[in-house]
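The values are calculated or read from the model by the stated rules, or taken from the named source; none is laboratory data. Model, not experiment: these values are computed from the prediction. Ideal geometry is used to build each Cβ from the backbone, glycine not excepted, and the neighbour counts take in all protein chains shown. The area values use the complete protein model at the heavy-atom level, side chains included, leaving out ligands, DNA and RNA. Shrake-Rupley method; radii C 1.70, N 1.55, O 1.52, S 1.80 Å.
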Amino acid sequence: MPELPEVETVANGVNERVAGERINSVWFSRYKEPFKTDPAAMADALTGARIEKVYRVGKHIVVDLGSGPGGAKRSKSSGVPQTITAQWIVHLGMTGRLLVSAADVPVPAHTHAVLGLSSGRELRFVDPRRFGRLALHGISPDAGSGSSGHFSGPGREPLTISPDDFVRLFKGRKLSIKAALLNQSLLHGVGNIYADESLFRAGIRPTRMAGRLSRERLLALHAALQEVLRKAIQLGGSSVSDYVDADGVAGFFQLEHHVYMRTGQPCLVCGTPIRRTLIGGRGTHYCPHCQR
Ligand SMILES: [Zn+2]
């Protein structure tokens, strides 16, 4: 399943390739599962819109749609950010991919959306297992300027939350720190790999109750979480072209895992065998010596 760094890499790669293009045509598959918004309403909003920007929010890819230069409300030289009229929200699920392809590249099996772009290329959503989701987030014309009314997801953003806000997030929480990290209404976008890896780097046992961790330990976790996510994004950045181009071969470089899926293997720091336990139904990996 794509985690936050992969989603960020895909969003940035797609943004570099399609920002500024207009959507000339829209095709959707007849499967029901990928469409959280009525496909006809979604096609209507997408057709003719200009792709202003593509970026990541949590584990969602957000495509800002606007009317672009020449639109009724903006003069070209105003310097004011484009008015965003709606947002196309893409969640990759387990096996979803968002590809930018030349129109003459054969459409892969399991393609559920094809947006024909003004450059002649296509933005395609391919998802064999159909756990991915496509939705339209409408923005009321009364929302005003800035980002009010824009898609934000339920929780805080792990890469930009301040140390103090991070500490406050866990105050009084009577659940394990591992479960708290995975709780999308607290932080959105942190998945199993980066929860386990950041807890290892911060030396915190995943079963510790979140609300009982000291400020110092939570600050260490904040630093560790942002470090592992940033490193993974850096590594992923060099594989962007493999990920989104043409036939879309996925080539995401993984961080070297210290604990994740290393059950029974020696800890890279102390040599103690890595243990696995279940927390909230999720496999959780830790070093019983390094993590207290
Ligand atoms: Zn260890």
Next on the checklist: Here is a list: 139, 161. Which entry is of a type outside the set (Gly, Ala, Ser) and under 26 Å from residue 28 (Cα atoms)?
Outcome noted: 139
Item to check | Subset of the range 105-127 (residues that are of a type in the set (D, E, K, R) and either touching a Phe, Trp or Tyr at 6+ places or on another chain (Cβ under 8 Å) or open to solvent by less than 10 Å² (accessible area, probe 1.4 Å) (or both)) | outcome: 124, 127
Item to check | Hits in the range 168-178 (condition: open to solvent by 10 Å² or more (accessible area, probe 1.4 Å), more than 21 Å from residue 57 (Cα to Cα) and either touching a Lys or Arg at 6+ places or on another chain (Cβ under 7 Å) or small (Gly, Ala, Ser) (or both)) | outcome: 172, 176
Checklist entry - Quick one: what pairs do we get from the range 262-289, first residue touching a residue at least 60 places away in the same chain (Cβ under 8 Å) and among the basic types (Lys, Arg), second open to solvent by 20 Å² or more (accessible area, probe 1.4 Å) and more than 11 Å from the ligand (Cβ to nearest atom), C-beta under 8 Å, 6+ apart or different chains? => result 282/182
Checklist entry - If residue 140 passes every condition in (1) buried (at least 21 other Cβ atoms within 10 Å of the Cβ); (2) more than 15 Å from the chain's Cα centre (by Cα) but one, which one does it miss? => result (1)
Checklist outcome for this item: residue 203 passes all but one of the listed conditions (1) touching a residue at least 40 places away in the same chain (Cβ under 8 Å); (2) within 14 Å of residue 224 (Cβ to Cβ); (3) crowded, with 21+ Cβ neighbours inside 10 Å; the exception is number (3)
Next on the checklist: Every residue in the range 1-26 that is in contact with a helix residue (DSSP H, G or I) (Cβ under 8 Å, 6 or more places away or on another chain) and open to solvent by less than 20 Å² (accessible area, probe 1.4 Å), please.
Outcome noted: 2, 3, 4, 5, 6, 9, 10, 13, 14, 23
Item to check | Within the range 206-217, tally of residues that are part of a helix (DSSP H, G or I) and open to solvent by 10 Å² or more (accessible area, probe 1.4 Å) | outcome: 5
Next on the checklist: Checking residue 181 against (1) among the aliphatic types (A, V, I, L, M); (2) crowded, with 19+ Cβ neighbours inside 10 Å; (3) within 29 Å of residue 31 (Cβ to Cβ), only one condition comes out false. Which one?
Outcome noted: (3)
Item to check | Qualifying positions in the range 123-164 - within 18 Å of residue 86 (Cα to Cα), of a type in the set (Gly, Ala, Ser) and modelled with pLDDT of 95 or more | outcome: 135
Checklist outcome for this item: The lone condition residue 197 fails out of (1) in contact with a Phe, Trp or Tyr (Cβ under 7 Å, 6 or more places away or on another chain); (2) open to solvent by 20 Å² or more (accessible area, probe 1.4 Å); (3) of a type in the set (Asp, Glu) is (2)
Item to check | Qualifying positions in the range 253-292 - in contact with a helix residue (DSSP H, G or I) (Cβ under 9 Å, 6 or more places away or on another chain), away from the ligand (no atom under 11 Å from the Cβ) and assigned to a loop (DSSP other than H, G, I, E, B) | outcome: 253, 254, 255, 257, 260, 261, 280
Checklist outcome for this item: Within the range 65-92, residues being small (Gly, Ala, Ser), surrounded by 14 or more Cβ atoms within 10 Å (Cβ to Cβ) and modelled with pLDDT under 90 number 3
Checklist outcome for this item: Scanning the range 171-205 residue by residue, those assigned to a helix (DSSP H, G or I), under 18 Å from the mean Cα position of the chain (by Cα) and hydrophobic (A, V, I, L, M, F, W, C) turn out to be 181, 182, 193, 195
